[in-house]
Every structure is written in C-alpha cells, then in structure tokens.
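This report refers to the structure that appears directly beneath it.
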Amino acid sequence: MGVSVLQIFPDASRSGCIETEKLHKRIMNLDAVQCGMFTVDCDSYYTTAQTGGGVRKMHIVHNTETPATTYAILDTGSKQVTLSADYLFDLMLPRLDHMYQSKKNLKIESKGAKYEVGDFVVKIGTVTMSGHYKGILVEVEYLPSVTPALCWSLMREFMQSFMGSCVKPTVPPYLQNKFHDVHTPQDTVQQYVEKFNEFREGPTFTGATPSAPSS
Amino acid sequence: MAAPECSSVEVLTTNLNSLRTLRSSVTLFFKIIAEGPKEENSNDGEHSFPEMAAKCLTDVKNNLRDLETHVAGLTPSTVPVSLGNTGLLSLDPSPDKLPLYHQLLDCYTYVEKIHCYSTLMHSLLSGNNLKRSSVSLPLSTKRRRPAQLNHSVPQQQVDMLIQGINQMFQDMNLNISRPFGNNAVVQVTLGQVLRAVVTFRGILIEWVVVRAYNEPLVDEDGKVDLYTPSQYKVFQKVTDNANAAMLNFCSPGFSDLSVRSFFTWLHSFVSLFTDVCKKCNYHLHNHMPPTWREFRTLDPFHEECKP
Amino acid sequence: MKHEGRSRQNLKVIMAVSHNENIEAALKSQIVPDQEFLLQGSVMDNSLGVLIDRLRGLCDNSDVHPETFHDHEVVYILKDFNAPATPGPASQGVMLRVRRAVDRPDLPHQLRYVGYPELGNYPALLRNCLDVPVSSNVREFLQELGAKLDHEFMAKGYIMKKGRIKVTVFKMYKMGPGMTKENLEPMTMSHLVELSVLTTKTDMSVADDLRALADQLKPLVQLERIDYRRV
C-alpha cells in the first residue's frame, strides 16, 4: 500500500468519454500499461430520527482493490470514524434500518480503467450518481512510499505531467492533516467519500467552469 | 617474522626426510625377513642371514631415534583456520564425506591467500600509481602477512563497528543478527523510506538488498530474507546501485572505513523521494526519483543524469 | 472468535457471489449461513475435568489438547434513546456484541448481531446470527453510531468442534475497574456449555446432529433450548 491522491479532472465538454479518452492517450504516452478495471462505490445512510444532535451519516464504501472489505465511514458532523469490516457487514445494514436508512438516489460510484506507470498506479474513473454522469476522478497511487510527507512533491510532478495545471501546487487538505502518518487503505476510501460529497453537492457537470475546478 | 617461518619449513622437511628413511629401512628389514636365508651353497656372501637382519634392525633403531628427536623439536601450528561449525565436518565418520573437509580446508587456504595477495597488491598500488617499475617497499615488509584477515575477524569487532555506525545517524537504525553462525547480517531501517539487509563476511560487505519500508524483512519462516528483491522498480534500482557502491567503497586495507563510508552513502537515501536531481532539477525521470548518489558529495542524480 | 461451525461450502459460495458485488442475490437465494442453532447448559466447576474428557472423546481431533480462548465481550444496544418507550420489538433496539481475543491481539475484532429466537418446534434454539470481522476501532464506531454500552464480561474456556458443530465450555467473569487479566472475579461457580452450529435457511438437517451430541452428554450436562424472553 503506497500513498494515494485523488484529483478531480475538469471536464469542459461535459461528455465524459472525450476527456477520459484524452487522459488515456496522455497516460499511454508515458509508457503506461493498462491492467484491468476498478470500481469504487458509495452508499449513504442517514439517521431516520432527527433527534439528538443533528443528522448522522454513514457512508458504505466498496473498493475493488480490497474486494473482501466493506468500509463504513460515520460522519457525525464533528467527527469521522472509519470502520473496516468484512463484506458480511453489508448484511448487518438491514438490521439497523430502524436507525439508519439508505438514500438510494445518492448512490454514487467511480468506475474506469487502471494503469501502471513504473511504480505509479493511475486509475481514471468516471463518476456517476444514480446513473447520471457527474465528472472525472483520477486516483494516483505511488507504491514504494508510505507517508505523504515523503512523496507529495514527487507525486505532484507526476500528476502535472499528464493532467496539467488542474493539479494545485498545495497539498490537498485531507493529506495535509495526515501528512506524516502512514497511509492506509482507509485514507484512500475517505478521500473518495470527500470527493463524492463534492460531486453530490456540486452541479451535475463540474467542468462547467473550467477555470475553477472544485478542489 | 619471515625467518622463523622459513626455519620451521626446513625443520618440517628434515622431519619428513627422516620419516621416509625410517620407512625405507623398515621395508628393507621386512624384505630380508621375507626372502629368508639364502640357499646353503650360496654361502659365498660375506654376511650370513642373521647378521644382515641384525644390521637392518640397528638401522631402524637409529632412524627411529633420529625421527623422535626431530619431532620433539617441532612446534604445533599456531594459526588454526577458524571454520566455525564447519570445522565439525572433520569429525563426520562417514567415509563419503571425509574428503569434503580437506577440500574445504584447501578452499579456505586458497581464499585466504587471495585476500592476502589482494591486500598486498592494494597497498602497493595505492602507494604510488605513477611509479610503475620500482617497488620501494623493503623485501621483508612485502612478504609480511597482514596481522588480521578481513573475512575472519572476531564478532566483537564487527559488533562495535556496527554499534558505532548506529550512533552516527539518528534516523537510521541498524540491527545485527547472526543467523548463519559467525557472519553478521545487519537489518537497516532508514526513516520511513526504506529497509535494507546487509550481509557481512567477516568485516567485508558481501551482499546488499534494499526494499521498501512496507516490505517485510523476514520470509515466511520468520528468518531474515537475504535475497528476495523488492517488488518496486525504484528499490530494485537502488539495490543495484548499493551493490555497486559496496564494491566501490571496498578497500582491503581499511575495511572498517569502507563499511562506514558505505553506510554514510546509504544514509543519504533518507531523502530518496524528496530530493530533486542535481542536474535536471526534477523529481522524476522515467518515473523514477534520483536513485544515484555521488560517492563523495552524496549529490542525488537520476540514473540517466549521472555525471 | 472462531468459525468452525460455519460450513465451508457455503462460505465459498458467498465469496464467489460477493466478488460479483451481489450479496443481496446470495441473501435472496438463502445460501448465507446466518442462522444459528444453539443449545445451552451448565456444569459445576468440580465436574469440568470429566466433561472435557468426555467431549474430547466425542469431538474431532481427540489427540490434541482442546484449544483455549480468552475473550472480552462488550454488548451495545442501538436504538433511538430519545424516542418514547413503546412496547414491542421496535423500541427494544438491536443488540450488537463486540468480541476480542485477549490472548490473541493480532486477530480482528468480531462484531456480532444476534436476533430473537424463531418461533416454532425446532430441535434447538434457532436464531438469526451474523458474525463480521472488523477493525479495532469498532467500539468508537458503535458509540458514534449512537449505540450505548449495555454490559461487558470476560469469557475464558475451551473450544472444540465436531464436524460443523462448535462446542464451547467457558466461564464468565465480571468486568470492572481494577480488573486485570490475571485478577478476574468469576460470576458463578459453574462453567457454561454451548453447542452451536451456523447454517442456512435451506439446510436444517444439522440440527439433529446437534441434538444427538447433546444427548450423548446427557448425564453430565442437560443441554436445552433456553428462550431468554421467558426467563
């Protein structure tokens, strides 16, 4: 497990496939090897009763990179707790429906191709929310390193080499908070949830204003 | 030192000679006995059979006395080859393994000689590489054996050296273990960047493997993994470079210095992912960070940007 | 913490299905082993040795000493604590049990959901049951989820298996301040004996095996289906 960084790629054409095709071409020019597909999906559950300190959200995330694990991310507004559980946890959720109920229309997923470039793994995902196209999300993972502090500027250089100026020179806030910690699969999943929430709240086409890509 | 060594060889030769004389006189005696007395009519010889036998026996006695006095003058060998557990091989009674021990001894002696010669050569060559013809060193020092051989040093000396290096760097942790008897294996953890396994033979570095921080140092059986290369390209490259550096730093005359310089060089990889190449000012070239460190200045370079 | 009772075949099916992201389909076709048959009884401490010897003879691997376990179990209740209490199962909430092996800190924690016993004439107590291995921050997670700690205890004893049946013989200890691993206060003078087996809705045949094993222990332990709602 290396260090992962997520980046929303602005899509001005609002079509999806044209931009992913562009990224595909650029990454293939870097001697990339395509190695299969990936999917990260996220279901969100909200508390039914509005009593006692606001709505609590629970995001259930599956990542095809860790197929036997279900991640449950609890967001109380003030605090986030990420639980890694066996996939059987999914069967537990119907038992909790007196407290938490699924928002079916918020089901969101990022799906696409996976590439290997040297020691980097790049995943170019198309984000769809309940069937509607939302944007492009690129995950870049650098395998040999364990903490963002050591390899952030190196990863930024790599990301800028095929995504250009949409990669900001500053460290993303999530990584900034865990800059010196050892990166775990939970950190990757939490970044996905963060980006998914941006997609949910933002307009259907994030690339509508290419000068200000949400980040 | 040379003189007693020579004389002891001479003593050994005379010993062997007297042993040979003894053997031949004994053989002669048995030959006379076996042939028995000559036929009666051939008593033209000046010596009769009992006389002949008695004369031979006296020879044997004299030769034996000679040998005994010579042997008493011999001193037992003072420098035994330390073979560690392998020395026990000589005690193996099974006949098919018997030659193994002698082959092993030959091999060790050979290697020792090579090391010895290479040390002498090194000191000669490093003395003055412009003056080719004349060797200024006096003859006696040229023939001198080095006091200590690099590949068989006491464990304490290696331990002390490693301990000293361990205290030189705060963020580099060295852990010494001896899974194969006498020779040390040092497990290196450098910050959160990499882990390395350095195999020693005596005080010489024999082999280096560098792996990522999150790759295991031990194999499935819980033993130190000396051989498996890293699964990441960047550390495979660093492993190659580390072995090159190990050979570059190796100098038989100053082995502890060479080990210390190697570890100083290895320590410079603490900034493997954060340094930019000195030449091109970029992190990445061919998707690799600068995996080369200049030997003296420790400046980072890409493989392709090497000066 | 152990899953000996779970059918290996069923697990395999689940694994295959789950990789196709279709655990709901597995649930619909009723091949998830989420049903548990349970028989419980107790034995006085002075008869423990006899019972263990008897069980070793009856169970698999009689040549090795039975495996021991030392677990810490914390029970949480998840319900809307602010809602007015109304009779019925809705207001009782859901009981979630977290178990961790004290002697094996490298093992994952186990989150366990246990449902109410099924009504009907079964040879053993039948209930819905779900075991999920989880990461070690599960207690914090449950608290943030809104669950409240109900009670906790230590369980220490032996675990054996016979085919798919899991046999545990253990003693429960109180938890409290100042309780260390070595200094435990037992709750009773006896050991609890449990026979359990995990199965699917479609495969009920194993309950008879459970009953048969219980009958073989008859003079030593009376194993019965105990319905807690009637206790």
Residues in region C:78-111 that are modelled with pLDDT of 85 or more, surrounded by fewer than 17 Cβ atoms within 10 Å (Cβ to Cβ) and of a type outside the set (Asp, Glu) total 5
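For (1) modelled with pLDDT of 95 or more; (2) farther than 22 Å from A:Pro148 by Cα; (3) assigned to a loop (DSSP other than H, G, I, E, B), each residue gets a yes or a no:
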residue: B:Met246; (1), (2), (3): no, yes, no
residue: B:Asp256; (1), (2), (3): no, yes, no
residue: B:Arg260; (1), (2), (3): no, yes, no
residue: B:Ser268; (1), (2), (3): no, no, no
residue: B:Cys280; (1), (2), (3): no, yes, yes
residue: B:His283; (1), (2), (3): no, no, yes
Unmet requirement for B:Ala242, which otherwise passes all of (1) in a loop (DSSP other than H, G, I, E, B); (2) surrounded by 21 or more Cβ atoms within 10 Å (Cβ to Cβ)
(1)
Looking at region A:9-120, what strands (runs of 3 or more DSSP E) fall wholly within it and have at least 3 residues that are in contact with a Gly (Cβ under 9 Å, 6 or more places away or on another chain) and of a type outside the set (Phe, Trp, Tyr)?
A:33-47, A:108-117
For A:His62, which of the numbered conditions (1) within 11 Å of another protein chain (Cβ to nearest Cβ); (2) free of Cβ contacts under 8 Å to residues at least 12 places away in the same chain fails to hold?
(2)
When A:Glu141 is run through (1) in contact with a helix residue (DSSP H, G or I) (Cβ under 8 Å, 6 or more places away or on another chain); (2) more than 28 Å from A:Lys79 (Cβ to Cβ); (3) crowded, with 19+ Cβ neighbours inside 10 Å, the failure sits at (2)
In contact (Cβ under 8 Å) with a residue 12 or more places away in the chain and closer than 30 Å to A:Gln186 by Cβ - does that describe any residue in region C:181-191?
yes
Are there any pairs with C-beta distances below 8 angstrom linking a residue in region A:14-43 that is within 14 Å of chain B (Cβ to nearest Cβ) to a residue that is part of a strand (DSSP E or B) and of a type in the set (Val, Ile, Thr), with the two at least 6 apart or on different chains, and if so which?
A:Ile27/A:Val117; A:Ile27/A:Val122; A:Ile27/A:Ile124; A:Leu30/A:Val117; A:Asp31/A:Val117; A:Ala32/A:Val117; A:Ala32/A:Val122; A:Val33/A:Val117
Pick from region A:82-139 the residues that are acidic (Asp, Glu) and within 14 Å of chain B (Cβ to nearest Cβ): which of them is nearest to A:His24 (Cα to Cα)?
A:Glu116
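Residues checked against (1) more than 14 Å from chain A (Cβ to nearest Cβ); (2) under 21 Å from the mean Cα position of the chain (by Cα); (3) surrounded by fewer than 16 Cβ atoms within 10 Å (Cβ to Cβ):
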position	(1), (2), (3)
B:Glu215	no, no, no
B:Glu220	yes, no, yes
B:Tyr227	yes, no, yes
B:Met246	yes, yes, no
B:Leu257	yes, yes, yes
B:Lys278	yes, no, no
Which one of these does C:Ala207 not meet: (1) touching a Phe, Trp or Tyr at 6+ places or on another chain (Cβ under 9 Å); (2) modelled with pLDDT of 90 or more; (3) assigned to a helix (DSSP H, G or I)?
(2)
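Rundown of residues vs (1) more than 13 Å from A:Ser110 (Cα to Cα); (2) basic (Lys, Arg); (3) surrounded by 16 or more Cβ atoms within 10 Å (Cβ to Cβ), yes/no style:
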residue	(1), (2), (3)
A:Phe179	yes, no, no
A:His183	yes, no, yes
A:Gln186	yes, no, yes
A:Tyr192	no, no, yes
A:Phe199	no, no, yes
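For C:Ser196, are the conditions met, namely being at pLDDT 90 or above and among the polar types (S, T, N, Q)?
When the stated conditions are applied, C:Ser196 passes them.
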Would you tally the residues in region A:67-112 being touching a helix residue (DSSP H, G or I) at 6+ places or on another chain (Cβ under 7 Å) and aliphatic (A, V, I, L, M)?
8
If C:Ser136 satisfies every condition in (1) in a loop (DSSP other than H, G, I, E, B); (2) within 14 Å of another protein chain (Cβ to nearest Cβ); (3) more than 28 Å from C:Thr200 (Cβ to Cβ); (4) in contact (Cβ under 8 Å) with a residue 60 or more places away in the chain but one, which is the exception?
(4)
The condition of being closer than 26 Å to C:Leu78 by Cβ, of a type in the set (A, V, I, L, M), touching an Asp or Glu at 6+ places or on another chain (Cβ under 8 Å) and not assigned by TED's automatic domain parsing to the domain that holds A:Val189 holds, among A:Met92, A:Met99, only for A:Met99
Out of the residues in region C:115-133 that are more than 10 Å from every other protein chain (Cβ to nearest Cβ) and part of a strand (DSSP E or B), state the one that is nearest to the chain's Cα centre (by Cα).
C:Cys129
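The values are calculated or read from the model by the stated rules, or taken from the named source; none is laboratory data. Please read all numbers here as calculations on a predicted model, not as lab measurements. Neighbour counts are summed over all protein chains in view; Cβ atoms, including those assigned to glycine, are modelled from backbone coordinates with ideal geometry.
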